[in-house]
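Everything on this sheet refers to the single structure shown next.
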Amino acid sequence: MPLSESKYNERRAECDVALSIMRQYRPLRNLCTATQQDLARLSDPLLLRRARHAVTENRRVQNTAQALSQGKWHLVGRYLNASHLSLRDDYEVTGFELDTLVALAQQHPACMGARMTGAGFGGCAIALVETAQIDAFIEQLSVYYPQTTGLPLSVYCAAAADGVQYLGG
């Protein structure tokens, strides 16, 4: 289903309403520049959750970038886990299948963190896994995910890199 037909536009509109309310008190360029004080001005619990996700997710991205540059992989994992909780509880864009996949990934001892990825309402998850344990990680998820959801599991392995680089001669 294209994003235009999903609840993604609904979430975006809710964030726009929250931003317009906060702008009544001070000028804000966007939700990512809002503070906890700005969030406290939202009396509607739904708008508060939506805006809180945007504000905290932006901070998590900044903190994750810093942790990556310092090679602090376990800290990156914690930010991934926190991001998934926010996407699930505040932004409400996950579902049973994604939550199951992320929970199973997070339960594996070699997984430092996991979260859904994409625009939500289905799709994919990412997991930060110790390289030496990838096969065991995939094997465990390949057993438990189909048992729990009735769906097959597809896994794509990737390695972290230092941005885009020219590989040609």
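Of all residues in region 153-169, those that are over 25 Å from Thr64 (Cβ atoms) have Cβ atoms under 7 Å from Cβ atoms of residues that are surrounded by 10 or more Cβ atoms within 10 Å (Cβ to Cβ), 6 or more apart or on another chain, in Leu153/Leu141; Leu153/Ser142; Leu153/Tyr145; Leu153/Pro146. Taken together, Leu80, Leu85 contain a single residue that is within 11 Å of the chain's Cα centre (by Cα), free of Cβ contacts under 8 Å to residues at least 12 places away in the same chain and part of a helix (DSSP H, G or I), which is Leu85.
Would you check if Val93 is under 18 Å from Thr117 (Cα atoms), more than 12 Å from the chain's Cα centre (by Cα) and surrounded by 18 or more Cβ atoms within 10 Å (Cβ to Cβ)? First the steps, then the outcome.
Working: under 18 Å from Thr117 (Cα atoms): yes; more than 12 Å from the chain's Cα centre (by Cα): no; surrounded by 18 or more Cβ atoms within 10 Å (Cβ to Cβ): yes.
In short, no.
Which condition does Ser154 not pass, out of (1) part of a loop (DSSP other than H, G, I, E, B); (2) in contact with an Asp or Glu (Cβ under 8 Å, 6 or more places away or on another chain), if it passes all the others? The failed condition is (2).
Working carefully through the options Ala158, Ala119, find the one that is at pLDDT below 95 and in contact with a helix residue (DSSP H, G or I) (Cβ under 6 Å, 6 or more places away or on another chain). Break it down stepwise before answering.
On the way: Ala158 fails: in contact with a helix residue (DSSP H, G or I) (Cβ under 6 Å, 6 or more places away or on another chain).
After applying the criteria, what remains is Ala119.
Within region 23-59, the set of residues being assigned to a helix (DSSP H, G or I) and farther than 27 Å from Gly118 by Cβ comprises Gln36, Gln37, Asp38.
Given the criteria more than 16 Å from the chain's Cα centre (by Cα), in a helix (DSSP H, G or I), under 30 Å from Lys7 (Cα atoms) and not hydroxyl-bearing (Ser, Thr, Tyr), does Pro146 qualify? First the steps, then the outcome.
Values: more than 16 Å from the chain's Cα centre (by Cα): yes; in a helix (DSSP H, G or I): yes; under 30 Å from Lys7 (Cα atoms): yes; not hydroxyl-bearing (Ser, Thr, Tyr): yes.
So Pro146 passes the test.
For region 108-166, residues that are surrounded by 12 or more Cβ atoms within 10 Å (Cβ to Cβ) and of a type in the set (Gly, Ala, Ser) total 12.
The values are calculated or read from the model by the stated rules, or taken from the named source; none is laboratory data. Every value quoted in this text rests on a predicted model; they were computed, and no experiment measured them. Cβ sites come from the backbone with ideal geometry, for glycine too, and all protein chains shown count toward neighbours.
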